[in-house]
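Have a look at the structure below before the remarks.
What follows is calculated from the coordinates using simple rules that are stated; it is not laboratory data. Because the structure is a prediction, the values reported are computed rather than measured. Reconstructed Cβ throughout: ideal geometry from the backbone, glycine too, with neighbour counts over all protein chains shown.
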Amino acid sequence: MGTVVDDAAAAEFHEFFEAHYVELARLAHLLTGEADAADDLAADALLALWHRWDRVRKADHPVAYARGVVANLARTRIRSAVRERRRIALFWAPRGDGYAIDDPDVSTVVDVQGALRRLPFRKRACVVLRHAFDLSERDTSLVLGISVGTVKSQTSRAVAELQRLLGPDTPAVQVQVAVAAQRGGGRH
């Protein structure tokens, strides 16, 4: 299956790619916590956009659409990883001998990225898009395909959970600032 696109559309896509690839890779990194997978997810998202470029370029918010594609790919990757971890845990779990295994996800979370990885996907996506990417509640709702009210409640709950994970002495404003500091940090 090939996509037939004229030269103007190809040039437009190339410009879109150059302008947004790094941002999409950074979004993937913050959503998954996996620097190595971020480039792959961004590339996969842009490939999907290329196959639908005739529709994407006519959209009201093509960047929001691209972010949504990255968010969906990240969600799929996370779910796949969780299923794989469960399969491994079931395989190695002791059978009927009375021993309990420690939950491998229980650890002291001392940094923001570690705490972000512990949030459910929607909460993580809301707080990352709102604070690390400085998107409005409306833009965040467009990216994730949810209502503005859901963005508000999920962001508020995410900040509260991050505050709990980072310690009781961490004020919500400090959590927001720490997440916002991720804006230019990391590999991307």
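Under a Cβ-Cβ cut-off of 12 Å, what is the net charge of the residues other than ALA10 that fall near it, where Lys and Arg count +1 and Asp and Glu count -1?
Values: positive: ARG57; negative: ASP6, ASP7, GLU12, GLU15, ASP54.
So the surrounding residues net to -4.
Report the FRET efficiency, 1/(1 + (r/R0)^6), for ARG157 and GLU15, where r is their Cβ-Cβ distance and R0 is 41 Å, rounded to 0.05.
Numbers: r = 38 Å, r/R0 = 0.92.
In this case the efficiency is close to 0.60.
What number comes out for the charge environment of TRP50, summing +1 per Lys or Arg and -1 per Asp or Glu over other residues with Cβ under 14 Å away? Don't skip to the end; give the middle numbers.
Working: positive: ARG52, ARG55, ARG57; negative: ASP6, GLU12, GLU15, GLU18, ASP44, ASP54.
So the environment of TRP50 carries a net charge of -3.
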